[in-house]
1. Of all GluC sites (Glu not before Pro) in the stretch 102-188, which ones are in loop regions per DSSP and have a Cβ with at most 16 other Cβ atoms within 10 Å?
2. Between ALA190, VAL134, ALA163, whose Cα lies farthest towards the positive end of the dipole of the chain when Lys and Arg beta carbons carry +1 and Asp and Glu beta carbons carry -1, centred on the Cα centre?
3. What is the spin-label model distance, in nm, from ALA150 to ASP15 if the labels are put 7 Å beyond Cα along the C-beta direction?
4. Using just the helices of the chain, give the 222 nm mean residue ellipticity in deg cm²/dmol: DSSP H runs with n ≥ 4 each add -39,500 (n - 2.57), and the total is spread over all residues, rounded to 500.
5. Go through the stretch 116-129 residue by residue and turn each phi into a ³J(HN,Hα) via Karplus (6.51, -1.76, 1.60, θ = phi - 60°); whole Hz please, and just put x for glycine and proline.
6. Quick one: among ASN99, ASN60, ASN139, which has the greatest mean-square fluctuation in a GNM of the chain with alpha-carbon springs under 10 angstrom?
7. Taking the Cα-to-Cβ direction at PHE247 and at ALA234 and moving 7 Å from each Cα, how far apart do the two end points lie in nm?
8. For the pair ASP29/ILE71, report the inter-label distance in nm, with labels modelled 7 Å from Cα in the Cβ direction.
Amino acid sequence: MRLSWPAGVGLVALDEVDSTNEEARRRGDAGVEGPLWIMARRQTAARGRRGRGWSAPEGNLSATCLLRPEIRVAEAALLSFAACLAVAEFFESASPGANVSLKWPNDVLLNGRKAAGVLLESAGGGGRLDWLAVGVGVNLAHHPAAEEGAWPPTSVRAEAGLAPTPEAALERIAARFAHWSDVLAARGFAPLRDAWLARAARLGEKIEARLPRETVTGVFADLDSTGALVLSTAAGPRRIQAADVFFA
């Protein structure tokens, strides 16, 4: 089913850019209002969480939504769940029969392999946001070679035999991101939390959360109302706001 582009949302399509998140930063600093999706056929300096490199060849989707939401910085992270749900729903339509799951905090898996990631960046002060960039990278036609110690990658083409165009993928993702953003604004995080947990990878199983100064092992029990990971450990429940998660 073809979806219409969400009302009131702009779109800029570029042939090449260093990073769609960097382009969103430049436009945000220049006063562009948004909501505005910025997509690029090629990125020359794509990156993921914590400055890690991200492969972004032509044929994959590289896009960022620039927003000026009237929310506090602490609440902005909840929009990453809206983006992950939008990508998951796109995968469910593009790869019928595939196992689509969500790996906390910001990865989308196809048949247990990483096929997409979300990166949030922002500017502001005093606990308030000036602008927010919600970056989405989706492996449609290509995926990088597996690297030792990294999560195994895949693509829509590898799992489903063919790949939608980046434009078609973004149309679907933008529509569903607008939907989940509206749900978040109207009803709070609870509906997103329920939808995310319904697709959560390894819920109820033992996982590792690697923090800068420690590694916490426990059973993935829940998400709390802020989107934090909740592990059941030998010492009791442990809430984790940011970490790299590994499955046992």
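Since every read-out is calculated from the coordinates, none of them should be taken as a lab result. Everything quoted here is computed from the prediction, not taken from an experiment. For neighbour counting, all protein chains shown are included, and Cβ atoms are generated from backbone atoms with ideal geometry for every residue, glycine included.
1. Details: sites: GLU121, GLU147, GLU148, GLU159, GLU167, GLU171; in loops: GLU147, GLU148.
Taking the stretch 102-188 and a limit of 16 other Cβ atoms within 10 Å, the loop GluC sites (Glu not before Pro) found are GLU147, GLU148.
2. ALA190
3. Each label point is offset 7 Å from its Cα along the Cβ direction, giving 2.8 nm.
4. Details: 6 runs with 67 residues, N = 248.
It comes out at -8000 deg cm²/dmol, rounded to the nearest 500.
5. Using θ = phi - 60°, the values come out as 7, x, 10, 10, 9, 9, 8, 9, x, x, x, x, 10, 8 Hz.
6. ASN99
7. 2.5 nm
8. If labels sit at ASP29 and ILE71, their model points lie 2.5 nm apart.
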